[in-house]
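Worksheet for the structure shown next.
The values are calculated or read from the model by the stated rules, or taken from the named source; none is laboratory data. Note that the structure is predicted; figures quoted are calculated from it, not measured. With ideal geometry, Cβ positions are generated from the backbone for all residues, glycine too; neighbour counts draw on all protein chains shown. In case anyone asks, the SASA skips ligands and DNA or RNA and just uses the protein heavy atoms, side chains included. Shrake-Rupley method; radii C 1.70, N 1.55, O 1.52, S 1.80 Å.
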Amino acid sequence: MTTLAIDVGGTKLAAALVEDDLQIRERRELPTPASKTSQALCDALKTLVQPLQAQAHRVAIASTGIIREGNLLAINPGNLGGLLHFPLVQTLEALTRLPTLAVNDAQAAAWAEYHAMADDTRDMVFITVSTGVGGGVISGGRLVTGTGGLAGHLGHTLADPNGPVCGCGRVGCVEAIASGRGIAAAAQGALAGCDAKTIFSRAAEGDEQASRLVAYSAQVLARLIADTKAITDCQRVVVGGSVGLAQGYLAQVRACLEQMPPVYHVELSAAHYRHDAGLLGAALLAQGEKG
Ligand code: ADP
Ligand code: BMX
Ligand code: ZN
């Protein structure tokens, strides 16, 4: 069967056809509309899926936000231009007339990365550092979603009680500091108004402020990973998202983690499926098997 897989992120929308052997065809991307209204996202999704839907038997969506009963509920609406709620499954079923499943993006990516592991790992955590910071937990070989879909939202754990206010309403969340949006929001002077991608380029060129912002994100992420190890005793942490996968970032996270006591050390790796982990995880969940 062919799955039309869709990834709804705070910055970009992606879609592709995924075969049962996980081969990806006709991958397409669009920027995520930054709008409070559902109509803008609905229109963008229509543009994205229209050229693909005739070849698909089902739809599988990995989406930012808490996914509850097929609806997207933003914990940080600021990541979606203020959009609080979106009927994901209903919208895609109406657009495509295909059976549709939806799951949180980081939870989906965790499932794909677990699927990719050749060893006997049963407990692992996936963290995406992207527009926000998301997480997905595999415990005893099972994806933990929680009764309300909130499980694994690691970006909304505390990094600094004196830190910036997070879009979720708490003060000092990991996401408010370490995410692409968090890095950009902290930039001042010559870097004010730059996005995280630009700040990473400046850091590579030796800019001091940019290097400090990147290093602080990596340090906060390393602390989150140590907390995650203490909570789950996971065997591996996999990092994805465009910030997480940026050149040199994971090495900085690893260096920070290595400075902590050995009990907090854990195998760290970059996402095997790189930017496609969410798409493939959603497709795998639609297949209903670990493979
Ligand atoms: P989404 O959140 O939509 O899933 P991404 O994983 O691409 O999308 O994350 C978007 C964030 O990553 C933005 O803050 C963007 O500035 C940043 N980003 C994109 N490309 C890079 C890069 N090459 N290096 C560092 N940051 C990047
Ligand atoms: C936010 C939250 C999570 C999501 C994470 C990463 C919203 C809209 N999203 O913490 O559900 O998993 O961002 O999302 O509240 P991304 O857009 O950065 O991939
Ligand atoms: Zn938060």
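GNM, the chain, Cα, under 10 Å: largest mean-square fluctuation among ARG181, ARG274, ARG202?
Largest GNM mean-square fluctuation: ARG202.
Of the candidates PRO87, PRO262, PRO31, which one comes out as most mobile in a Gaussian network treatment of the chain with C-alpha springs shorter than 10 Å?
The residue that fluctuates most here is PRO262.
When the dipole is taken about the Cα centre of the chain, and only Lys, Arg (+1) and Asp, Glu (-1) are charged at their Cβ, what size is it in debye, to the nearest 20?
Charge dipole of the chain: 500 debye, to the nearest 20.
Taking the chain as a Gaussian network, Cα atoms linked when under 10 Å apart, which of VAL18, VAL174, VAL263 shows the biggest mean-square fluctuation?
Its mean-square fluctuation being the largest, the pick is VAL263.
Give me the distance between the Cα centres of region 81-151 and region 13-74, rounded to whole Å.
Between the Cα centre of region 81-151 and that of region 13-74, the gap is 13 Å.
Helix-only estimate, please: 222 nm mean residue ellipticity of the chain, summing -39500 (n - 2.57) across DSSP H runs of length 4 or more and dividing by its residues, to the nearest 500.
It lands at -10500 deg cm²/dmol.
Using the heavy atoms of the protein chains and a 1.4 angstrom probe, tell me the accessible area per residue for region 119-270 in square angstrom. Walk me through the intermediate numbers first.
Details: 6960 Å² over 152 residues.
Result: 46 Å² of accessible area for each residue.
What FRET efficiency comes out for ARG97 versus THR147 if R0 is 30 angstrom and r is the Cβ-Cβ distance? Round to the nearest 0.05.
0.50
Does anyone have the angle between helix 208-232 and the longest principal axis of the chain? Alpha-carbon axes, 0 to 90°, nearest 10?
The two axes meet at around 70 degrees.
Along each of its three principal axes, how wide is the spread of alpha-carbon positions in the chain, in whole angstrom units, largest first?
Largest first, the chain extends 51, 44, 35 Å along its Cα principal axes.
How big is D for region 119-270, in µm² s⁻¹ as a whole number, if Stokes-Einstein is applied with the Kirkwood radius of its Cα pairs at 10 °C and 1.306 mPa s?
Working: Rh = 15.6 Å.
For these conditions, the coefficient is 102 µm²/s.
Of all DSSP beta bridges in the chain, what percent run antiparallel (nearest 5)?
60 percent
Under the 0.36 nm per residue contour assumption, what length would be gained going from the current alpha-carbon distance of ARG28 and VAL165 to full extension? Intermediate results must be reported in sequence, preceding the final value.
Working: separation 137, 0.36 × 137 = 49.32 nm, distance 3.41 nm.
Additional length available on full extension: 45.9 nm.
Rounded to a whole number, what % of the accessible area of the chain do carbon and sulfur atoms account for, probe 1.4 Å?
Within the chain, the accessible surface is 51 percent carbon and sulfur.
As a test, work out the antiparallel percent of DSSP beta bridges whose residues both lie in region 48-173, rounded to the nearest 5.
Here the share of antiparallel DSSP bridges comes out near 75 percent.
Please compute the modelled spin-label separation between MET1 and VAL263, points set 7 Å along Cα→Cβ, answer in nm with one decimal.
The answer from the label model is 4.6 nm.
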